[in-house]
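Participant: Shown below is the structure under consideration.
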Amino acid sequence: MCLALSGKIVAIKDGEAEVDYGGVSKRADLRLFESAKVGDRVLVHAGFVIQILDESDISDADAITKEIMRFG
Amino acid sequence: MVDVIHLKEMIAQVAAGSGPITIMEVCGTHTSRIFRYGIRELLPSNTKLVSGPGCPVCVTAQEDISAALTVANRDDVIFTCFGDMMRVPYGESSLYSLYESGRDIRIVTSPMDALRIAQLNPAKQVVYFGVGFETTAPLTAALIEKADALKFENLSVMSTHKTMPAAIEQLLSEGSGIAALLCPGHVAVITGSDEFGFIPERLGLPAVVAGFEAEEIMAALYAAVSMVVKGKLECVNMYPGAVASKGNKDALDLLYKVFEPGDAVWRGFGHITDSGLKIKSEYEKYDTFKRFNLPLSDLKDNVEESSLCICADILRGQSTPGDCPYFGVVCTPERPVGACMVSAEGTCSTYYRYGGVVKDAR
């Protein structure tokens, strides 16, 4: 149930974002992340934006790799 | 990032020579992904994963299902819920069987769908079945806030929302044999990774907040196994792209604007103090129990649970589906006997789909 999908905000209107999931667009409520803006990559859970993701996959991977190395 | 095969070797290397290491993945979405990616087969023979109580459908108590059926069976109600609640059995009955008998029960994919249904059906009382942990509860709070702002008179919420820490604490303070925990990544998106700091601090176990891709889960397992072997006690955030230490402030503010902690009954655990989310008195007109004057105590006598079903032990990580006499014989995803076979994220359902019992036996 705690499934969330990532997509990109392509438009915002009346407190709702239009989120593009690689070709398919769906509306998502912004009440839980009101500072989200067009162009943000976001995590969406059951019709609500719940987080803005790091713009680059690389920075996330770097942070995880750094943690991995800490335990090496 | 380090790839899965490399991480497999790193885990094998760090676990080599250690005694048995049992790691619990708390989250049902993790359980499902772990099986989908074949991660159990990538771990060395001394490292085992067990599933915990993190499937909200599975831990919903029989008395809450009974209450939902009672409300959904009313002529004046349109009952709305997520799809995976439909087949949760209550004796011979379920929301699905009520739907088949003609009751107006509708699957929604967002709580806000209930608002739209209420708008289109002013002569009906629309009830939203609020199920889920900290990830989902703020969405229900947003529904109640909006219904209040728009002065909806025909919408209410049956909240069975729960929070994770008290259940984890109860489970692990009983000497469970668990060496470390994979913490639910999307719960942590809302609560923040700091929420799980009590696991090393009070329970003396390493904890790792994990993402949901194969590499992310393997990286989290590497951190967990390393901490167990080296005797380190930390709560590590291995999902940093999505999880901040303090979580999502907008969501938490809204959650506790509408809800307050309250006691809850969990399948497999029983009553746990302050592990539920109750609607605050300012919003009690949106509480289904108040709206219909339904005291929960009136419904408790009717609880029926199949006597040989071992869902309760499975949710506590004390048994696996292979221990259950019903599993795969009379209990299947098409005709579930216990709640763990219902949701796609339930342990039994996941085992059934991915041949978990056969793999365990090897």
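The values are calculated or read from the model by the stated rules, or taken from the named source; none is laboratory data. Only a predicted model underlies this, so the values are computations on that prediction, with no experimental measurement involved. All Cβ positions, glycine included, derive from the backbone under ideal geometry; neighbour counts span all protein chains shown.
Participant: Working carefully through the options B:Ala123, B:Ala114, find the one that is touching a helix residue (DSSP H, G or I) at 6+ places or on another chain (Cβ under 7 Å) and hydrophobic (A, V, I, L, M, F, W, C).
Facilitator: Result: B:Ala114 is the single residue among B:Ala123, B:Ala114 that is touching a helix residue (DSSP H, G or I) at 6+ places or on another chain (Cβ under 7 Å) and hydrophobic (A, V, I, L, M, F, W, C).
Participant: Could I ask something else about it? So B:Ala210 passes all but one of these: (1) closer than 30 Å to B:Glu9 by Cα; (2) crowded, with 24+ Cβ neighbours inside 10 Å; (3) at pLDDT below 95. Which condition number does it fail?
Facilitator: (3) is the only condition that B:Ala210 fails.
Participant: Using the structure shown, decide if B:Gly28 is surrounded by fewer than 19 Cβ atoms within 10 Å (Cβ to Cβ) and among the small types (Gly, Ala, Ser).
Facilitator: So B:Gly28 does not fit the description; no.
Participant: Give the residues of segment A:9-39 that are away from chain B (no Cβ under 13 Å) and in a loop (DSSP other than H, G, I, E, B), sorted by residue number.
Facilitator: Of everything in segment A:9-39, those that are away from chain B (no Cβ under 13 Å) and in a loop (DSSP other than H, G, I, E, B) turn out to be A:Tyr21, A:Gly22, A:Gly23, A:Val24, A:Lys37, A:Val38, A:Gly39.
Participant: Return the residues of segment B:240-268 that are more than 8 Å from every other protein chain (Cβ to nearest Cβ) and in a helix (DSSP H, G or I); say none if nothing qualifies.
Facilitator: B:Lys249, B:Leu252, B:Asp253, B:Leu255, B:Tyr256, B:Lys257, B:Val258, listed by residue number.
Participant: What's the number of the only condition in (1) among the aliphatic types (A, V, I, L, M); (2) away from every other protein chain (no Cβ under 14 Å); (3) buried (at least 20 other Cβ atoms within 10 Å of the Cβ) that B:Ala15 fails to meet?
Facilitator: (2)
Participant: Checking B:Thr22 against (1) at pLDDT below 95; (2) surrounded by fewer than 17 Cβ atoms within 10 Å (Cβ to Cβ); (3) not in a loop (DSSP other than H, G, I, E, B): exactly one of these is not met. Which one?
Facilitator: Of the numbered conditions (1) at pLDDT below 95; (2) surrounded by fewer than 17 Cβ atoms within 10 Å (Cβ to Cβ); (3) not in a loop (DSSP other than H, G, I, E, B), the odd one out for B:Thr22 is (1).
Participant: For segment B:202-239: of the residues being in a loop (DSSP other than H, G, I, E, B) and aliphatic (A, V, I, L, M), which is nearest to B:Gly175 (Cα to Cα)?
Facilitator: B:Leu205
Participant: What is the residue count in segment B:172-201 for residues that are part of a helix (DSSP H, G or I) and either within 21 Å of A:Met1 (Cα to Cα) or touching a Leu at 6+ places or on another chain (Cβ under 7 Å) (or both)?
Facilitator: 13
Participant: Determine whether segment B:148-157 contains at least one residue that is within 14 Å of chain A (Cβ to nearest Cβ), of a type outside the set (A, V, I, L, M, F, W, C) and either under 29 Å from A:Phe33 (Cβ atoms) or over 21 Å from the mean Cα position of the chain (by Cα) (or both).
Facilitator: Checked segment B:148-157: at least one residue is within 14 Å of chain A (Cβ to nearest Cβ), of a type outside the set (A, V, I, L, M, F, W, C) and either under 29 Å from A:Phe33 (Cβ atoms) or over 21 Å from the mean Cα position of the chain (by Cα) (or both).
Participant: Right, here's the next one. Return yes or no: is A:Ser35 surrounded by fewer than 17 Cβ atoms within 10 Å (Cβ to Cβ), over 15 Å from B:Val2 (Cβ atoms), touching a strand residue (DSSP E or B) at 6+ places or on another chain (Cβ under 6 Å) and of a type in the set (Ser, Thr, Tyr)?
Facilitator: When the stated conditions are applied, A:Ser35 does not pass them.
Participant: Within segment B:161-192, take every residue that is among the polar types (S, T, N, Q) and either more than 13 Å from chain A (Cβ to nearest Cβ) or surrounded by fewer than 24 Cβ atoms within 10 Å (Cβ to Cβ) (or both) and give me the one that is nearest to B:Ile279 (Cα to Cα).
Facilitator: For segment B:161-192, the residue satisfying everything is B:Thr163.
Participant: To continue, here is another question. Counting only residues that are among the hydrophobic types (A, V, I, L, M, F, W, C) and at the interface with chain A (Cβ under 9 Å from one of its Cβ atoms), which one in segment B:112-140 is nearest to B:Pro53 (Cα to Cα)?
Facilitator: Among them, the one singled out is B:Phe133.
Participant: I would also like to ask the following. Could you check how many residues of segment B:33-58 are within 14 Å of chain A (Cβ to nearest Cβ), assigned to a helix (DSSP H, G or I) and buried (at least 24 other Cβ atoms within 10 Å of the Cβ)?
Facilitator: 3
Participant: Identify, please: which residue in segment B:130-147 is in contact (Cβ under 8 Å) with a residue 60 or more places away in the chain and over 16 Å from the mean Cα position of the chain (by Cα) and is, among those, farthest from A:Gln51 (Cα to Cα)?
Facilitator: In this case the residue turns out to be B:Ala147.
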